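Remarks on the structure that follows.
The values are calculated or read from the model by the stated rules, or taken from the named source; none is laboratory data. If you're wondering where the values come from, they're calculated on a predicted model, not measured in any experiment. Glycine gets a Cβ as well: all are built from the backbone with ideal geometry, and neighbour counts include every protein chain shown.
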Amino acid sequence: MYKRVLLKISGEALAAGRGFGIDAVFIHKVAEEIADAHALGCQIGIVVGGGNFFRGVAQQAIDMDRVAADHMGMLSTVINAIALQDAIEKRGIMCRVMSAIEMHQVAEPYIRRRAMRHLEKGRIVIFAAGTGNPFFSTDTAASLRAMEIKADILLKATSVDGIYSADPKKDPDATRFEQVTYNDIMRLGLGVMDTTAVSLCKDNNMPMMVFSMREQGNIVRVISGEKLGSLVTA
């Protein structure tokens, strides 16, 4: 269905409900799914969050300078990226971590043309350290990277099975949207992504699929064209 995708995985998802750190069993399940999707011939770029270690807007950063806190959050994404790279490479697939903050000992610097070349050669590319700038979330980094690598779609893997009118964990009457526009997300205040990321996708006609990664095989199903979760269009 899709030749090239950008997969956004939150840091919280890698904690698998533990709240902090990386769940070793879960990250290998994610790597296995990514390997299965790669076997279909799809070129895969990945952006990981860092919320399982530190978030610049979290409660523990409330007394910190926002720039310092955001830099700590970016470094957290690098930890997750290296862990995911290791799990993917254990399945015999070449994987590169490219960081927006230069750290040559652990990751390649992010260079757009080099990233696209890696994808063309069949390597999986994990984009770490967000955009490299404070005040921008990893959702915005995912939107930006999706457009830079000319992805067919942005896939946002979450803990819920789509976009709801309210938080389904708190409101049992929340209804799920099969399809929604970026304008609707902003108008209704749906907390899918931050406003910057939504505007970026809308202005550049980047479709997005929001789906649950709790169910084994969902990444492959989405890439194969199955209608899972919620589709967002411009």
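Does the stretch 152-166 contain any residue that is touching a Ser or Thr at 6+ places or on another chain (Cβ under 6 Å) and surrounded by fewer than 15 Cβ atoms within 10 Å (Cβ to Cβ)? For the stretch 152-166, residues touching a Ser or Thr at 6+ places or on another chain (Cβ under 6 Å) and surrounded by fewer than 15 Cβ atoms within 10 Å (Cβ to Cβ): present. In this structure, is E89 closer than 19 Å to G73 by Cβ and without any contact (Cβ under 8 Å) to a residue 12 or more places away in the chain? Spelling it out, it is not the case that E89 is closer than 19 Å to G73 by Cβ and without any contact (Cβ under 8 Å) to a residue 12 or more places away in the chain.
Scanning the stretch 61-87 for residues that are touching an Asp or Glu at 6+ places or on another chain (Cβ under 9 Å) and either part of a loop (DSSP other than H, G, I, E, B) or under 30 Å from D36 (Cβ atoms) (or both) gives a single hit, A87. Selection within the stretch 116-129: residues that are of a type outside the set (A, V, I, L, M, F, W, C) and without any contact (Cβ under 8 Å) to a residue 60 or more places away in the chain. The member of this set that is surrounded by the most Cβ atoms within 10 Å (Cβ to Cβ) is H118. Of all residues in the stretch 193-206, at least one satisfies being buried (at least 16 other Cβ atoms within 10 Å of the Cβ) and touching a Leu at 6+ places or on another chain (Cβ under 6 Å). Scanning the stretch 92-113 for residues that are in contact (Cβ under 8 Å) with a residue 24 or more places away in the chain, among the charged types (D, E, K, R) and not in a helix (DSSP H, G or I) yields one hit, R96. Being hydrophobic (A, V, I, L, M, F, W, C), in contact with a strand residue (DSSP E or B) (Cβ under 6 Å, 6 or more places away or on another chain) and surrounded by 13 or more Cβ atoms within 10 Å (Cβ to Cβ) is a property that L231 has. For beta carbons closer than 7 Å, sequence separation of 6+ or different chains, a first residue in the stretch 1-19 that is on the phi < 0 side of the Ramachandran plot and a second that is surrounded by fewer than 18 Cβ atoms within 10 Å (Cβ to Cβ) and modelled with pLDDT under 85, the qualifying pairs are A13/S159.
Evaluation of G51 against the conditions (1) crowded, with 21+ Cβ neighbours inside 10 Å; (2) in contact with a Ser or Thr (Cβ under 8 Å, 6 or more places away or on another chain); (3) part of a helix (DSSP H, G or I); (4) not hydroxyl-bearing (S, T, Y) shows that the sole unmet condition is (3).
Residue-by-condition table, conditions (1) part of a helix (DSSP H, G or I); (2) at pLDDT below 95; (3) not hydrophobic (A, V, I, L, M, F, W, C):
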position	(1), (2), (3)
A115	yes, no, no
I126	no, no, no
G132	no, no, yes
A146	yes, no, no
V160	no, yes, no
